[in-house]
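The values are calculated or read from the model by the stated rules, or taken from the named source; none is laboratory data. Remember, predicted model here, so these are calculated numbers, not experimental data. Here Cβ is always computed from backbone atoms with ideal geometry, including for glycine, and neighbour counts include all displayed protein chains.
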Amino acid sequence: MRLLSRGGLLAAAILTVLMAGILLPEPTAAQSAEVTFRVTVTNASKPQDGDDTADAFWSEATAANLSLERIAEIGDSTDAVGTLAATAIGAAAAAGDTVSVDFSASPGSLLSTAQMLVATNDAFIGVNSLALWTNGEPTRATIPLVAWDAGTVGNAAIAAGFDAGQPDPAMGALNVDNGTATVGGVVALHDQFTGVQGWLTITPLASAVTFRATVTNASNPAMVVTPGAFLVHDAAGAFWSEATAANLSLERIAEIGDSTKAVNALGAAPAVGDTVSVDFTASLGSFLSLAQMLVATNDTSIGADSLALWTDGQPTRVTLPLIAWDAGTEDNVAIGAGFDAGQPDPAMGALNVDNDTATVDGVVALHTQFTGVQGWLTIIPIESTISVGSGLTLIGWTNSATTSTALIAANPDIDVLWFWDGTVWQSGTAALPIGLRTEFAINPSDAMFIVTGAETEIAIPLA
């Protein structure tokens, strides 16, 4: 076979999601919604010497249906897609290659897959009726895949070629029924292969998650970071973008710190080291954009443009530096030159609006009057929040396991954590650099003291 000299090509094949034909307990509200899963198949092949019920696609010791037969013999999934309403999976051409597909499934669903090992007569890898839910929770697993014989064509030596009944793309339609049919054959483990021929990874993808975004003022020269605005969106550049003209929302934020023309308000961080946080919910595939004014300027902002809130189907956890952007809507004078130079002064009220010469044909660009980092943006997916008062609060932890480092990163308002580990008191504080903090695990049923300077909502990091 010209397609393969070492290892087997996984031909394009199919995936089916089946509903188990059994009586299930009534699901809870949290369990009722569909979940999006990602299935990834890894080709691990190597040359060898010498309907709404379970098993609706294929099953060991039963005769292959037409859908499985065409996949196993010629790598053709069109019958399965049409007959079983299955989903096509791509090919993983060489050992180590992967192919993935995303799909949604409700509680009680099962998964079956099949992909041809191409240098064979009718061998395939796959799973039969794998439960996508375990104890009411979506399944997360990596499973070895072995070689199965569909039992529809007599087997010749592996890679014996077209004349031995194995497919060759160059032969087109002649591949169909190119081999001696096996009389009374059934699906069985393949006796020409040993060991693992592939891996199947099932990963549930969250469909919507609550995030906490925290902006830290790191301005240099030091100045107030004003209130601003954020936007969760599904198209890049929806709020602002480099090299494009500022819209009215960005213009008013960058010139006078006014976010009323934007939808979602973000508070101020008055001094260097101060932080401001906002919680929001975002669905799979969403982006985040935000902007806040550096107040001692004509039209300067810090912010993020179309930051992806999901990476490979998982919610983003990241801390990013924020630099200064020139909105391109007013001419720039010296930083801190004041109201008469077109920079805002809260005492002047409405007179701040349009208080300078507009820049003709200006666009958003890196600011030439600033160098280096002017702020930090931390994005953390969170599970829930806990209300705490000012001062010392005792908390019994009933949430998912986490660490002191993760909890402090999600909550810059925490001054100190105190935790008794049964032998000594452990402490963690945002005042120390991460490398100097003592990290300790926080598990369900643990108790700890949290010290804050004011009433706040403590965010619980998502596990």
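Summary table below
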item	result
Of the criteria (1) more than 25 Å from the chain's Cα centre (by Cα); (2) part of a loop (DSSP other than H, G, I, E, B); (3) not aliphatic (A, V, I, L, M), which one S400 fails	(1)
Within the stretch 172-250, strands (runs of 3 or more DSSP E) holding 1 or more residues that are within 34 Å of the chain's Cα centre (by Cα), of a type in the set (A, V, I, L, M, F, W, C) and modelled with pLDDT of 95 or more	208-217, 225-233
Hits in the stretch 159-197 (condition: aromatic (F, W, Y) and either over 23 Å from N43 (Cβ atoms) or buried (at least 18 other Cβ atoms within 10 Å of the Cβ) (or both))	F193
Checking L205 against (1) in contact with a Gly (Cβ under 6 Å, 6 or more places away or on another chain); (2) over 28 Å from P315 (Cα atoms), the condition it does not meet	(2)
Positions within the stretch 198-219 being more than 30 Å from T42 (Cβ to Cβ) and not hydrophobic (A, V, I, L, M, F, W, C), in sequence order	T210, R212, T214, T216, N217, S219
Per-region count, the stretch 77-101, residues among the acidic types (D, E), closer than 20 Å to L200 by Cα and modelled with pLDDT under 85	0
Subset of the stretch 99-149 [assigned to a strand (DSSP E or B), small (G, A, S) and over 27 Å from the mean Cα position of the chain (by Cα)]	A123
Residues (touching a Phe, Trp or Tyr at 6+ places or on another chain (Cβ under 7 Å) and β-branched (V, I, T)) located in the stretch 353-369	V364
Filter result (surrounded by 20 or more Cβ atoms within 10 Å (Cβ to Cβ), farther than 21 Å from L284 by Cα and among the polar types (S, T, N, Q)) within the stretch 207-248	T216, N217, S219, T226
